[in-house]
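What follows is one structure encoded as structure tokens, with my remarks underneath.
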């Protein structure tokens, strides 16, 4: 049978996705428990989310160490006993730290949730910060920092954020040897007491959940009474940010490659341009078929990969283009990136390309909601960033509503070439 | 033009979660007359589906001069065929709301397509076009050669593990092609010829060398009909030649050293272990977890938590159609020498061989494995990759569903036995990656 391969079959573009709702219960002690109940496998993810990230710390590094010290020892158990207790039931403990928040996350088989919950409660309420654990954690952190510091990509991203926000800003701070070695334990303990131990937090439980699981959470995490005061976003002076747009070059003679970062401060998900900027970014460097990939990887073969991204944090956001190229191609790559931005600012994107990007973004979004944990991640954004419940329901609709004219205008408005900061680690 | 190919209809969909776990009976299989085998699992939890194509070609099929070709085809398969020209594979797929990726190992090359359910036929058209009529355009080859060289440089520059593992592999294997890095040697990448590429494609991209897995919001009948329409007409090119070289038993420790601008030594130990599918596989995999999975595991506890001899440690057991390597990797702590770290790792291994593990500790890693299994099987991608992996490496996808039981049957004696059998000095290759200044 002969096949006419030039005629593609019709298919339908996803127009709208409804995010499954989250159910919220208030525990006996007033803590909110958010539930995402779905999935076919008997596993759950418990997440205790504290307003305790770098944003709240008074000393750089205090929030990171405060969180990581939770598993180093409690009033009842040593670090080894804690590890053993989680490992024994096959549970995975993650102490997740970001610029904004700190989270205690546990993945476990549903049947072991009652075993895990008292341990989680203990970490949160009874961490003792033993000296040995402190010294070990500091040594390991220092070693890992040194290993990462050898990588151009790591240095470039850190230096780029510092350039955008300033080294004193929670979003611009990076780990340094000095900060790791000089941090006093008392500072971490202060942070722990103020923002974790005595602070109200949110609980997100996702997976296959029944009445038993909810009851188990209530009888453990729901029992402890908190002081009236709560952690609030403290207004701190983060220091001045340089207005200089002079390119930063960190020369590393032994490197074969350069890591390039180019971008600027942007906005949060609340900004009216947010969805349309996502489309603009996608066209430029957000997916495999983007203009930057086509030009710099496919046509010129200068890099294995190049991408751009709209990063949203709680209080602000930033836009960043990143790639690794051979040193001798560094300037050529920078020139090509700027050329692509200029084209985006001056020539309306064609209908076909725009439709492709919209379809791709819609398909990717639909595919990103495969598990209860995926849904919980989206719901978490809505809850923590105080976004409307239909924010993600409108995602695809907003993507489809973006016009070529708007893409061009947003590229002019938000990607002005003289507003971009450039960081290169390696050489030119 | 693309826009003429696409008839756009708009519709609303709702997310609904499938509540029942899948079973072997839910997986339907069929084989086309040209030898291409299909596994199909319906999963209507989200309105998307995937197609994973497992090709039995990887670095083990290469020889000196053409190392890296398997991986290079992972790139070239996106660079144009008869109907869909250069880069059109990606463009058409993206226009239909889909995306793709691929990976190459020592054993297989796997192409992964993710798409909204109504694009299934488009995916069949794209895949059948490149399998039957891939274009190996010389200009494309040159451009892609640069991309792969950049990929190789980026990997070596940013991953110390890559640097040391290439060296250790090449030392542990003296005869078998597992000695080759998957990405290829730099000089080979620069010198593959057009003829090399054409021969390689004709040899290994024959329909009877592929297993295709489709999981998602599609029906078995849809897949069967489209497979017959688009894949069945592709002619079989004959089975690829078997890899005949067998690595002889290693009869003495081998050591290798290299240098880089790093702060503390990295060490890598590698032991020869049997092929995936061997009866010792499950015991070795649990031993794998016992060593470095979780802070209470033997190596992490003794080297990272109780002391600071190492800042990081992990292990890796390579899958293989042929006997491969079990790796143990450590990054030394501040002021710790490679020799000290090596002694500490070996002391832990010796203790494991001598004392074994008790039931309680073994149950711990069995629980971890069960947890990993369920997490993988949560997603349609995890299901597709696992089904394909078991079908290809174990010869039967049903073994996937037996895995929890087979892990459960491993005893402490099994652990002690496999540790003693494989973790011997004569069977070991030790690699040091040292700071430049220590030379």
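Of all the numbered requirements in (1) assigned to a helix (DSSP H, G or I); (2) at positive phi, residue B:129 misses one, and that requirement is (2).
Listed here are the helices (runs of 4 or more DSSP H) enclosed by segment B:132-205 that have at least 2 residues being crowded, with 20+ Cβ neighbours inside 10 Å and within 21 Å of the chain's Cα centre (by Cα): B:138-158, B:160-172, B:194-204. One residue alone among A:172, A:168 is assigned to a loop (DSSP other than H, G, I, E, B), at pLDDT 90 or above, farther than 30 Å from residue A:107 by Cβ and under 26 Å from the mean Cα position of the chain (by Cα), and that residue is A:172. Kindly indicate whether residue A:297 is more than 26 Å from residue A:247 (Cα to Cα), touching a strand residue (DSSP E or B) at 6+ places or on another chain (Cβ under 9 Å), surrounded by 17 or more Cβ atoms within 10 Å (Cβ to Cβ) and not assigned by TED's automatic domain parsing to the domain that holds residue A:163. Spelling it out, it is not the case that residue A:297 is more than 26 Å from residue A:247 (Cα to Cα), touching a strand residue (DSSP E or B) at 6+ places or on another chain (Cβ under 9 Å), surrounded by 17 or more Cβ atoms within 10 Å (Cβ to Cβ) and not assigned by TED's automatic domain parsing to the domain that holds residue A:163. Filtered by the rule that a residue be at the interface with another protein chain (Cβ under 7 Å from one of its Cβ atoms) and over 26 Å from the mean Cα position of the chain (by Cα), segment B:81-90 gives a lone residue, B:83.
Residues in segment B:32-49: is at least one under 17 Å from the mean Cα position of the chain (by Cα) and surrounded by 19 or more Cβ atoms within 10 Å (Cβ to Cβ)? No, that holds for no residue. Would you check which residues across segment B:108-121 are surrounded by 23 or more Cβ atoms within 10 Å (Cβ to Cβ) and either more than 24 Å from residue B:318 (Cα to Cα) or not assigned by TED's automatic domain parsing to the domain that holds residue B:75 (or both) and list them? Within segment B:108-121, B:113, B:114, B:115, B:116, B:119, B:120 meet the criteria. Tell me, please, whether a residue that is in contact with a strand residue (DSSP E or B) (Cβ under 9 Å, 6 or more places away or on another chain), more than 8 Å from chain A (Cβ to nearest Cβ), within 21 Å of residue A:364 (Cβ to Cβ) and surrounded by 24 or more Cβ atoms within 10 Å (Cβ to Cβ) can be found in segment B:55-69. The answer is no; no qualifying residue exists.
Under the condition of being assigned to a helix (DSSP H, G or I) and within 14 Å of chain A (Cβ to nearest Cβ), the residues counted in segment B:224-269 number 7. Of all residues in segment B:171-188, exactly one satisfies the criterion of being without any contact (Cβ under 8 Å) to a residue 24 or more places away in the chain and in contact with a helix residue (DSSP H, G or I) (Cβ under 7 Å, 6 or more places away or on another chain), namely B:179. Restricted to segment B:352-380, and to residues that are more than 8 Å from every other protein chain (Cβ to nearest Cβ) and outside any helix (DSSP H, G or I), which residue is surrounded by the fewest Cβ atoms within 10 Å (Cβ to Cβ)? Going through the qualifying residues, I end up with B:358.
Yes or no: segment A:147-154 includes at least one residue that is within 20 Å of the chain's Cα centre (by Cα), touching a residue at least 60 places away in the same chain (Cβ under 8 Å) and either at negative phi or within 11 Å of chain B (Cβ to nearest Cβ) (or both). Within segment A:147-154 (the criterion being within 20 Å of the chain's Cα centre (by Cα), touching a residue at least 60 places away in the same chain (Cβ under 8 Å) and either at negative phi or within 11 Å of chain B (Cβ to nearest Cβ) (or both)), the answer is yes, since at least one residue qualifies.
Counting only helices (runs of 4 or more DSSP H) that sit completely within segment A:23-140, those holding 1 or more residues that are within 30 Å of residue A:169 (Cβ to Cβ) and within 14 Å of another protein chain (Cβ to nearest Cβ) correspond to A:62-68, A:113-126. Among helices (runs of 4 or more DSSP H) entirely within segment A:330-392, having at least 3 residues that are more than 14 Å from every other protein chain (Cβ to nearest Cβ) singles out A:330-346, A:372-384.
Matching residues to (1) in the same structural domain as residue B:210 (by TED's automatic domain parsing); (2) over 30 Å from residue A:257 (Cα atoms); (3) at pLDDT 95 or above:
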{"position": "B:81", "(1), (2), (3)": "yes, yes, no"}
{"position": "B:89", "(1), (2), (3)": "yes, no, no"}
{"position": "B:93", "(1), (2), (3)": "yes, yes, no"}
{"position": "B:101", "(1), (2), (3)": "yes, no, no"}
{"position": "B:124", "(1), (2), (3)": "yes, yes, yes"}
{"position": "B:128", "(1), (2), (3)": "yes, yes, yes"}
{"position": "B:144", "(1), (2), (3)": "yes, no, no"}
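Does any residue of segment A:275-294 turn out to be at pLDDT below 95, over 25 Å from the mean Cα position of the chain (by Cα), loosely packed, with under 15 Cβ neighbours inside 10 Å and outside the structural domain of residue A:163 (by TED's automatic domain parsing)? No: segment A:275-294 contains no residue that is at pLDDT below 95, over 25 Å from the mean Cα position of the chain (by Cα), loosely packed, with under 15 Cβ neighbours inside 10 Å and outside the structural domain of residue A:163 (by TED's automatic domain parsing).
Residues are listed down the side, and each one gets a yes or a no for (1) away from chain B (no Cβ under 14 Å); (2) in contact with a strand residue (DSSP E or B) (Cβ under 6 Å, 6 or more places away or on another chain); (3) modelled with pLDDT of 95 or more; (4) exposed (fewer than 14 other Cβ atoms within 10 Å of the Cβ):
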{"site": "A:202", "(1), (2), (3), (4)": "yes, yes, yes, no"}
{"site": "A:230", "(1), (2), (3), (4)": "yes, no, no, yes"}
{"site": "A:239", "(1), (2), (3), (4)": "yes, no, no, yes"}
{"site": "A:259", "(1), (2), (3), (4)": "no, yes, yes, no"}
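The values are calculated or read from the model by the stated rules, or taken from the named source; none is laboratory data. Note that the structure is predicted; figures quoted are calculated from it, not measured. Note: ideal-geometry Cβ built from the backbone for every residue, glycine included; neighbour counts use all protein chains shown.
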